[in-house]
Amino acid sequence: MGRSPILITCSLSAGLVLGQLAIMAVPALAVDLAVILEMDASQIGWLGGIYFAGYAVALPFLAGATNRMDGRIVYVLAALIGAAASFSVALFADGFWWVLGLRFAAGVGFAGIHIVGMKLLADRLSGDAQSRGSAFLTAAFAVGSGCSFLAAGLLSELFGWRAVFVSAGIGSLLSMLGLLVIGPPLAGNEIRSNRWFPDFRVALRDVEVMRYVIAYAGNLWEVFAVRVWFVPFLAFNLAMGKGSNIALSPTTAVGLSVFIAVPLNLAIAEAGVRWGRKRVIFVVSLASVLVCALIGWQAAGPYALVLALLLLHGVTSYGDVGTIAGGVVAASTGETRAAALALFGLIGFTLGFLGPLAVGWSIDLAGGRDEPSAWFWAFMVMALGSVASGAAMAWMPKRR
């Protein structure tokens, strides 16, 4: 007898939340780490994005390994790598390059928790349960990002920045508990092969899969860029002296923006099922471009207005990611799913790495973090992600 879809979805979602406590540790501590490690904007971008580079590099190997062995084994090994990397930052890190290398390793570990977790879920569900489960798991990703910010802000204030990475390592270890209850895959849903790497050609030839891969890449470019730069941007805005009586720290604000997006993410995913994913993703992407333009225009404006726009951007930038994830799962089959999900994560997290870095470069080129016009261009660079997502949905390839 198969396990309950709700139990499977909740178990893997809880593991994802625990396993990604490390993901936003550096963005949450960016202002402090910039002083401790003596970093300029470009180096902040590197350190904020290198986690996603580790994810992208490891993903093809990890996804291919799930075709040769039980995906739960791959998940466990990856979680152990992530835990070791986070503990090492807390215990041994004392310079930019050392932290950079360990954050890369932490991203390798998270690749197994995230994308292997997606495959474990897809192999155990079917039909609408599979689509909704994928959207729920993606919403859990948002919850985990928010928890990462909030935990980092709280723990750093109480115990110092090293405690943030200790908690991240513990979270990676606890993420494995959900594997005890998910059970085996559905008959016919898990495909075995002798390949160590997915055959990306089958995914590259599938127009619908590639549509959602491109949309996801654009989404992560924007989402990770704003997550990495959210705290430094609010710190800049507060320093401009147009603050308000809102007693909300930057780390709490970014955590709040993520949590606000979670129920709306699920609502948008449901709207995609009802009214068409492409149409919904296009509308949300267009809205996100407009919000980015408003934030950049008001970069030095009143804190309350800027904060409200950032909270709105948390919805428009991340709100359609559940719909995108549901789209790639629905467009793939048992034979192509491993390759599709691997390509989905590989290209998505590669752009997730490049987005924060590109924003850092744009800030340095436009005059530095104290220059209002630099932040305008920063948000224009972020908006390129939604431009790509919207274009992917509007793309009408010629039929053969």
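Name the helices (runs of 4 or more DSSP H) wholly inside region 12-131 in which the number of residues that are over 30 Å from TRP375 (Cα atoms) is 3 or more.
Numbers: elements: 25-28, 30-36, 41-65, 71-92, 96-111, 117-124.
Of the helices (runs of 4 or more DSSP H) lying wholly inside region 12-131, those with at least 3 residues that are over 30 Å from TRP375 (Cα atoms) span 41-65, 71-92, 96-111, 117-124.
Every residue, every condition in (1) small (Gly, Ala, Ser); (2) in contact with a Cys (Cβ under 7 Å, 6 or more places away or on another chain); (3) at pLDDT below 90, yes or no:
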| position | (1), (2), (3) |
| --- | --- |
| VAL291 | no, no, no |
| GLY327 | yes, no, yes |
| SER332 | yes, no, yes |
| GLY345 | yes, no, yes |
| ALA358 | yes, no, no |
| TRP377 | no, no, no |
| VAL387 | no, no, no |
| ARG400 | no, no, yes |
task: Can you tell me which residue within region 126-148, out of those that are crowded, with 23+ Cβ neighbours inside 10 Å, aliphatic (A, V, I, L, M) and more than 11 Å from the chain's Cα centre (by Cα), is nearest to LEU179 (Cα to Cα)?
output: LEU137
message: Residues that are modelled with pLDDT under 80: list the helices (runs of 4 or more DSSP H) wholly contained in region 143-262 that include at least 2 such residues.
response: 200-204
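The values are calculated or read from the model by the stated rules, or taken from the named source; none is laboratory data. Bear in mind the structure is a predicted one, so any value in this text is a computation, not a measurement. Using ideal geometry, Cβ is built from the backbone for each residue, glycine included, and neighbour counts are taken over all protein chains shown.
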